[in-house]
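The values are calculated or read from the model by the stated rules, or taken from the named source; none is laboratory data. These numbers come from a predicted model, not from an experiment. Using ideal geometry, Cβ is built from the backbone for each residue, glycine included, and neighbour counts are taken over all protein chains shown. Calculation scope for accessible area: heavy atoms of the full protein, side chains included, ligands and nucleic acids excluded. Shrake-Rupley method; radii C 1.70, N 1.55, O 1.52, S 1.80 Å.
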Amino acid sequence: MGLFSKKPPCPICGGKISWFLPSKIEGEYICDACYGKLDMDADKESKLTMQGFREYLAFYDQNQILKDRFVVSERIDFGLWDTKIIFDYQNKLFCMSKNPDKTVFEGRQLKSFTIREDSTPLFEGSSAGIRRYTSTVTERAMAMAPQIAQLAASKRMARTLDRLDDGKVNNSAPVQYFDIPEPFRAFNVELHFDHPYWTVLKCDMDGPRFDNTLPDVNNYLRAYQQSIEEMDKLVAALRTVAFSGAAEQSVGSGMGTLYTNMAPPADAIEEIKKYKALMEDGIISQQEFEAKKKQLLGI
Ligand SMILES: [Zn+2]
């Protein structure tokens, strides 16, 4: 007895297989040290064969050379979950970690990237250029100012009344929670690769939040500005390692661009029909009709 649970050694390195929940590839147990080297798209990992794993390990050894060479020039922090991207400008490398201990990418392996505020584009970049869209977050936050000021005032009033009542803060007073949603939840960053083991890497950075005890639009906008500076830093870093020749271009809002690509709204068409009738009746001139048509179509 005693040997019945003994597993064969790791087929890759001959090392010991973990007794606790060992990892498997194609039904064969792999030691933790070998399995720990895996860093690839989840769908590629799920289809990995033993032969594919051996090929990956050759790639891993090659990548070790880039890890050893890596000198951190820039570090972008994604906050909450401690996600970081580090860049090496000299060697045009980057890595999604705080140290070059995961797959190190060469800038030329990056095909494109996008940064969105929820689903609205903020940046799009590739060798063809970097597009920066106008964000509407600032104006949307500012439009909320009266609502927020009103809530803050009613909270102050409630607190004052509370103190007048018995001279102490009364915890039984109804609490007003601030539950107005922020203009957007998160910056969604997507990196698209031309790479044997990576197609896309996605990471989020939470957008700023209102303080729900004392919401303030100016505080929100200051926090937002800081996040935008971090995104600018990220775009500049990606451009340095991957698209150094690419020109930056400011375009309208991401929403606006999507909108102008679509058919004009139905009511604009209806309006044009009305003006056309006026022209046909001789009430307005052809020139006046053309001008109105262009205005309604936004062209
Ligand atoms: Zn092993």
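Out of the residues in segment 73-91 that are crowded, with 16+ Cβ neighbours inside 10 Å and over 21 Å from the mean Cα position of the chain (by Cα), which is farthest from TYR224 (Cα to Cα)?
Checked segment 73-91; the qualifying residue farthest from TYR224 (Cα to Cα) is ASN91.
For the subset of segment 33-43 comprising residues that are outside any loop (DSSP other than H, G, I, E, B) and surrounded by fewer than 16 Cβ atoms within 10 Å (Cβ to Cβ), which member is nearest to the ligand (Cβ to nearest atom)?
By that ranking, first place goes to ALA33.
Return a yes/no flag: does segment 92-113 have any residue that is farther than 20 Å from PRO196 by Cβ, away from the ligand (no atom under 16 Å from the Cβ) and not in a helix (DSSP H, G or I).
yes
Which residues, counting only those in segment 185-215, are of a type in the set (Ser, Thr, Tyr) and either in a strand (DSSP E or B) or at pLDDT 95 or above (or both)?
TYR197, THR199
Can you tell me which residues in segment 9-22 are near the ligand (Cβ under 10 Å from one of its atoms) and open to solvent by 30 Å² or more (accessible area, probe 1.4 Å)?
If the condition is that a residue be near the ligand (Cβ under 10 Å from one of its atoms) and open to solvent by 30 Å² or more (accessible area, probe 1.4 Å), then PRO9, PRO11, ILE12, CYS13, GLY14, LYS16 are the ones that fit.
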